[in-house]
Amino acid sequence: MSLSSKHDACRGTGTGCHRRACKTKRNDFMKRIFAALLSLCLLFPPLVQGRDPTLFDELRQTLRAHTDKAPATAQIETGFSPDGDAERLVLKIINSSAQSLRLAAYSFTSPKVVQALIHARRRGVDVLVVADDSNIKSKSGSAALNLLVNADIQARLNGEYAIHHDKYIIADGRHVQTGSFNYSKAAANSNSENVIVIWNNPELAQSYLRHWSSRFEAGRPYRSPY
């Protein structure tokens, strides 16, 4: 097709072509603005965090949700608390999930973990949680569970044992995070804790998934009072 023919073909739908071009440019512009804001948050966190801590956390989590990726090969990563590596690794496996997340918890009160799970649900990941039933006795535990179920994440409470002391995540049926780390602020900032993530080990993941399924099935659904 000649240049004049292409021009003639587009001329009949010139308005549509123009609109599509404008929309593409507008989307590219918004992406650049968003990237600039995220860069500002990462480079000057005290400035942004001091003005609006919630906005800072939202922007930082959004950035990590787009940049955290699971490795393509079998690998093992470790992290420790309270130096920050343990929580960072927990958030990494949540952020890198593409299909499913299965979480088992004893203490479940971490705002950052809750936020990461909600972000995962919003991008289409199937998220299910089972936790010890003692969480409903604390204000922070109930608040975390309310946020989950109100974001369309099914959570169940297991009271079949002295304590449901499991602490692990299975992502996409092939990655496993485990260790001593409770999903709480104390585990991230005060306690001496460890986290290990075993990437791309489907056989191990299936073993954990069978255990998780038995605990989830034995739990009772948590329902938000509002």
Checklist line | Considering residues of the stretch 107-134 that are outside any loop (DSSP other than H, G, I, E, B) and among the β-branched types (Val, Ile, Thr) only, the residue surrounded by the most Cβ atoms within 10 Å (Cβ to Cβ) | finding: VAL129
Note to self: Considering only the stretch 210-225, I want to know if a residue exists there that is open to solvent by 50 Å² or more (accessible area, probe 1.4 Å), part of a strand (DSSP E or B), among the basic types (Lys, Arg) and touching a residue at least 12 places away in the same chain (Cβ under 8 Å).
What the structure shows: yes
Next item on the list: Only residues in the stretch 136-160 that are within 15 Å of ALA120 (Cβ to Cβ) count as the first member; pair them with residues that are surrounded by fewer than 17 Cβ atoms within 10 Å (Cβ to Cβ) and among the hydrophobic types (A, V, I, L, M, F, W, C), Cβ under 9 angstrom, at least 6 apart or cross-chain, and list the lot.
Entry: ALA155/VAL149
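The values are calculated or read from the model by the stated rules, or taken from the named source; none is laboratory data. Fair warning: this is a prediction, and the values are worked out from it, not measured in the lab. Cβ: placed from backbone, ideal geometry, glycine included. Neighbour counts: every protein chain shown. Note: areas computed on protein heavy atoms with side chains; ligands, DNA, RNA excluded. Shrake-Rupley method; radii C 1.70, N 1.55, O 1.52, S 1.80 Å.
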